[in-house]
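This report concerns only the one structure given below.
The values are calculated or read from the model by the stated rules, or taken from the named source; none is laboratory data. Remember, it's a predicted structure, so these values are computed and weren't measured experimentally. Here Cβ is always computed from backbone atoms with ideal geometry, including for glycine, and neighbour counts include all displayed protein chains. The accessibility values were calculated without ligands, DNA or RNA, using every heavy atom of the protein model including side chains. Shrake-Rupley method; radii C 1.70, N 1.55, O 1.52, S 1.80 Å.
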Amino acid sequence: EDGEGMNYLTLYRQWRPQTFNEVVGQRNTVTGLQNAVREGRLAHAYLFFGPRGSGKTSVAKIMAKAVNCPNGDNSEPCNACPACQDINNGSFMDVLEIDAASNRGIDEIRDLREKVRVLPAQGKKKVYIIDEVHMLTTEAFNALLKTLEEPPESVIFILATTEAHRVPATVLSRCQRYAFTRLSATEVIDRLRDVAGEMNIRVSDQAFEVMARRSNGSLRDALSIMEQCIAFRGNDIDESQVMDVLGLVNYEVLTAIFKGMLEQKVEEVLSHLNSLIKQGKEPIQIARDAALCARDLMQYKLLGKQADLLVMPISNLEGLISKYPNITASRLSRVTKHLLKLADELRFNEGQRFVLEVGFLEAMEFVAELKPDNVPVTHDTKQPEKPRKARPAPSRKWDDIMERVKANKVTTHALLAPAVMLGLTDGVLTLGYRPELKFHREKMEEKVNQEILQTALVEVLGHPLEVKFITLEETTEQPPVVRKAIEIFGEDKVKILE
């Protein structure tokens, strides 16, 4: 039965370090704790802080074993005695793990305060491991503080958090603090190699590289990525499979998108986005990967070969920067911020594809004034006047207005494109948006986009108009059908939901 249970242990659990010496990285912290255990200089409260997946909880458990193990070698637990084994599988009565994210209230901490006074039942020391301690409420922190001020001899608190700045100073001052650092790509890769070797899995160097980069220094994330790859791809893993499993965007495509952005080639950028979506890539992932690419470009611009890169190979970055040497780090920083914000907007948005396209077109404007060293950029000049009939139909005028908007600002054009022009009369322009295009409508209502539309109206009609936006009733009919209906029956006969 045990064997069967083992199958369900995730990789990072199976490979959790069992002794101080097995911990990857964090040398200073580990040595300090080993010395404290060996010399019996134990504090009653520790705070472990640092990024996720850097080993905080693993080290806390090793610490709990080391102080309770009857036959360890002074600084390391033996991992064989009943105490060590019970702590490893979570059944040791005197080691309690509390997740503050789900037990953040005053009642849980009051309960803890009462139990703290009871002597250890099984071991030498009671160890309370409180994970993500910054999540506790103010009252809970105050209650915890009382316990930390006068703890019984037999109790050790280990508080762990990814956000030390959110822990009150009164609590911090009563703890011995240990900083856990993000692991380097090399440390992550070395550990992944060990695991792959033990499991008889063949992984290419580039695949290890992608796993390590994407885990951003979190060993737990890296092992989860490797586990996903094994589940989907078996025991032979190369770079493209890791990219597939994670839904990542191939950096050749990212390079092509940025080339299109730098050369202001709207069609090129949109067609790359289009084909990524057809391949089933999520808009949010496309935006994130592009943000990381912009970030790598910025790093390379600032640091050259010394840059610490997350997604892009250096050769691709060299190609882009050498063609556009006058692109500044601050512009790339704006593009990065903009694309990260876009990824965030995409989490809460229905009409995702349009949001993605508009977001990329906006990002293009941050790099718009750049001229490459060796690529002639042709900007579309104003469209030549089309010969006009005596009284052109409103929809024909609308086409002209849209042309003008496009010549002025591509993003405003993209926001207007899915709207239905419902009327262009009596000094009022009425535009209808389907309910799922809320993002477009809200963006169009912003002052900067309104001004561009008004400029185009003045250029085509000779005077400004009041612009009204309405939400079209949800209907199976397509917008052109709605437009046709209005042309035939008149606006007052077609029911529209305000």
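When the test is whether a residue is open to solvent by less than 40 Å² (accessible area, probe 1.4 Å) and more than 30 Å from residue 435 (Cβ to Cβ), residue 297 passes it.
Scanning region 253-277 for residues that are at pLDDT below 90 and open to solvent by 20 Å² or more (accessible area, probe 1.4 Å) returns 264, 265, 266, 267.
As a summary of the residue check, residue 58 satisfies the conditions (1) in contact with a Lys or Arg (Cβ under 8 Å, 6 or more places away or on another chain); (2) under 16 Å from residue 123 (Cα atoms) except for the one numbered (2). Taken over region 94-141, the residue count meeting the criterion of being touching a Pro at 6+ places or on another chain (Cβ under 9 Å), open to solvent by 80 Å² or more (accessible area, probe 1.4 Å) and assigned to a helix (DSSP H, G or I) is 1. Kindly indicate whether residue 457 is in a helix (DSSP H, G or I), in contact (Cβ under 8 Å) with a residue 60 or more places away in the chain and open to solvent by less than 30 Å² (accessible area, probe 1.4 Å). So residue 457 does not fit the description; no. Looking across region 199-229, just one residue is out of contact with any helix residue (DSSP H, G or I) (no Cβ under 7 Å at 6 or more places or on another chain), open to solvent by 20 Å² or more (accessible area, probe 1.4 Å) and in contact (Cβ under 8 Å) with a residue 40 or more places away in the chain, and that is 216.
In region 329-349, the residue that is nearest to residue 206 (Cα to Cα) out of those that are open to solvent by less than 60 Å² (accessible area, probe 1.4 Å) and hydroxyl-bearing (Ser, Thr, Tyr) is 336. Inspection of region 302-313 identifies no residue that is over 23 Å from residue 183 (Cα atoms) and open to solvent by less than 30 Å² (accessible area, probe 1.4 Å).
For region 169-198, the tally of residues that are open to solvent by 10 Å² or more (accessible area, probe 1.4 Å) and over 27 Å from the mean Cα position of the chain (by Cα) stands at 11.
Looking only at residues in region 142-174 that are part of a loop (DSSP other than H, G, I, E, B), in contact (Cβ under 8 Å) with a residue 24 or more places away in the chain and of a type in the set (S, T, N, Q), the one that is farthest from residue 100 (Cα to Cα) is 154. What about residue 48, is it of a type in the set (Phe, Trp, Tyr), part of a loop (DSSP other than H, G, I, E, B) and open to solvent by less than 60 Å² (accessible area, probe 1.4 Å)? Criteria not met by residue 48. Selection of region 60-93 for residues being modelled with pLDDT of 95 or more and in contact with a Leu (Cβ under 7 Å, 6 or more places away or on another chain) yields only 63. Residue-level analysis places residue 30 outside the set of residues that are within 20 Å of residue 226 (Cα to Cα), buried (at least 20 other Cβ atoms within 10 Å of the Cβ), at pLDDT 90 or above and not hydroxyl-bearing (Ser, Thr, Tyr).
Number of residues in region 428-454 that are in a loop (DSSP other than H, G, I, E, B) and under 19 Å from residue 359 (Cβ atoms) equals 2.
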